[in-house]
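Here the structure is laid out as structure tokens; the discussion comes afterwards.
The values are calculated or read from the model by the stated rules, or taken from the named source; none is laboratory data. Here the structure is a predicted model, which is why all the values come from computation and not from measurement. FYI the Cβ positions are ideal-geometry reconstructions off the backbone, even for glycines, and counts take in every protein chain you see.
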Amino acid sequence: MSEIWEKLREEASRIASTERILSKIITEYVLERKSFADALSWRISSRLATGSVPANDLKELLFSSFEKSDSIIDKIESDLIAVKDRDPACEDFISPFLYFKGFQALCAYRASNYLWNVNRKDIALYLQSLISIVYSVDIHPAATIGKGILLDHATSFVAGETTVIEDNVSILHEVTLGGTGKEGGDRHPKIRSGVLIGAGAKILGNVEVGQGARVGASSVVLSDVPANVSVAGVPSRVIGQMNSQSSPSLDMNHTINSMKEYESGGGI
């Protein structure tokens, strides 16, 4: 039994013993389940089932995806830790598991990504459509997303087909990682590790946001962002530089008061 699964069960037992109304769902989604993968498949299928595909079929599809991939559960556990560590409104593991749409949508995306990569593209796209309808999160199943990801609030988050998000990235709601037109091929952003993207930011085209960079809320990024800087504005420009050892995605600090003025005042 993994440490995360053990802690999740401990938290579930505590709630089930104190909240009668919640005890049934806690028992069904956690305490009666045999593993973390089993519990995830039950919880997420219950949210995604719309009537067109029975919940039991979705449950089996998700569980099979979680079980057959060597890395999905490791990534999901890292995502769960990221939520607990970085979201000041979260004090446990059970809350994201049961309630947080960003975490749940990311778990479901990971199943769709596995299905896409084993050439089950039709069912992967169907799963993407359910995620979009239920969670208001639209991640193409071909997108590449690392571990330790926080989708905070998550509503209206969009990531296109050739998007790459590396490890330990934090993203707020209404962020778009999109293209700039009808061109095909590699056309979406590359978000390097440790990046923090503020609410409403739009990053468009095959541009790179460098390691440890910070993108201000409502910014529009149309060209590469250097590592360890803050950008903001429409179009975005560099407004501050950070220590190369800093990690804005972990600190969740959206202010720039403590940073030195960046010498270049032009757009990027």
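Do the conditions hold for Q211, that is, is it surrounded by 17 or more Cβ atoms within 10 Å (Cβ to Cβ) and at pLDDT 95 or above?
Against the criterion (surrounded by 17 or more Cβ atoms within 10 Å (Cβ to Cβ) and at pLDDT 95 or above), Q211 qualifies.
Among the residues of the stretch 20-47, write down those that are charged (D, E, K, R), touching a helix residue (DSSP H, G or I) at 6+ places or on another chain (Cβ under 8 Å) and either touching a residue at least 60 places away in the same chain (Cβ under 8 Å) or loosely packed, with under 15 Cβ neighbours inside 10 Å (or both).
If the condition is that a residue be charged (D, E, K, R), touching a helix residue (DSSP H, G or I) at 6+ places or on another chain (Cβ under 8 Å) and either touching a residue at least 60 places away in the same chain (Cβ under 8 Å) or loosely packed, with under 15 Cβ neighbours inside 10 Å (or both), then E28, R43, R47 are the ones that fit.
Only one of these is in a loop (DSSP other than H, G, I, E, B) and small (G, A, S): A105, A142. Name it.
Exactly one of A105, A142 is in a loop (DSSP other than H, G, I, E, B) and small (G, A, S), namely A142.
Against the conditions (1) under 23 Å from A159 (Cα atoms); (2) surrounded by 18 or more Cβ atoms within 10 Å (Cβ to Cβ), where does I123 fall short? Just the number, please.
That leaves (2) as the condition not met.
Identify all residues within the stretch 6-19 that are of a type in the set (V, I, T) and either in contact with a Gly (Cβ under 9 Å, 6 or more places away or on another chain) or exposed (fewer than 14 other Cβ atoms within 10 Å of the Cβ) (or both); write none if there are none.
T18 - this is the single residue of the stretch 6-19 that is of a type in the set (V, I, T) and either in contact with a Gly (Cβ under 9 Å, 6 or more places away or on another chain) or exposed (fewer than 14 other Cβ atoms within 10 Å of the Cβ) (or both).
Inside the stretch 136-156, can you point out the residues that are in contact with a strand residue (DSSP E or B) (Cβ under 7 Å, 6 or more places away or on another chain) and closer than 20 Å to K84 by Cα?
I145, G146, I149, L150, L151, D152, A154 - these are the residues of the stretch 136-156 that are in contact with a strand residue (DSSP E or B) (Cβ under 7 Å, 6 or more places away or on another chain) and closer than 20 Å to K84 by Cα.
Hey, any hits in the stretch 1-19 for a residue that's part of a helix (DSSP H, G or I) and touching a Cys at 6+ places or on another chain (Cβ under 7 Å)?
No, the conditions are met nowhere in the stretch 1-19.
Can you pull out the residues in the stretch 69-100 that are surrounded by fewer than 19 Cβ atoms within 10 Å (Cβ to Cβ), of a type in the set (S, T, N, Q) and not in a helix (DSSP H, G or I)?
S71
Determine whether V221 is in contact with a Lys or Arg (Cβ under 8 Å, 6 or more places away or on another chain), crowded, with 16+ Cβ neighbours inside 10 Å and at pLDDT 90 or above.
For V221, the condition - in contact with a Lys or Arg (Cβ under 8 Å, 6 or more places away or on another chain), crowded, with 16+ Cβ neighbours inside 10 Å and at pLDDT 90 or above - is met.
Any chance the stretch 9-29 includes a residue that's within 21 Å of the chain's Cα centre (by Cα) and not hydroxyl-bearing (S, T, Y)?
Looking for residues that are within 21 Å of the chain's Cα centre (by Cα) and not hydroxyl-bearing (S, T, Y), one finds none in the stretch 9-29, hence no.
Quick check: anything in the stretch 145-152 farther than 19 Å from E77 by Cβ and touching a residue at least 24 places away in the same chain (Cβ under 8 Å)?
No: zero hits.
Could you give every pair whose Cβ atoms fall below 6 Å, whose first residue belongs to the stretch 102-118 and is in contact (Cβ under 8 Å) with a residue 60 or more places away in the chain and closer than 16 Å to E67 by Cα, and whose second residue is surrounded by fewer than 24 Cβ atoms within 10 Å (Cβ to Cβ) and of a type in the set (A, V, I, L, M, F, W, C), counting only separations of at least 6 or pairs across chains?
C107/I76
Working only within the stretch 231-242, note down all residues that are within 16 Å of E208 (Cβ to Cβ) and part of a strand (DSSP E or B).
V231, V238
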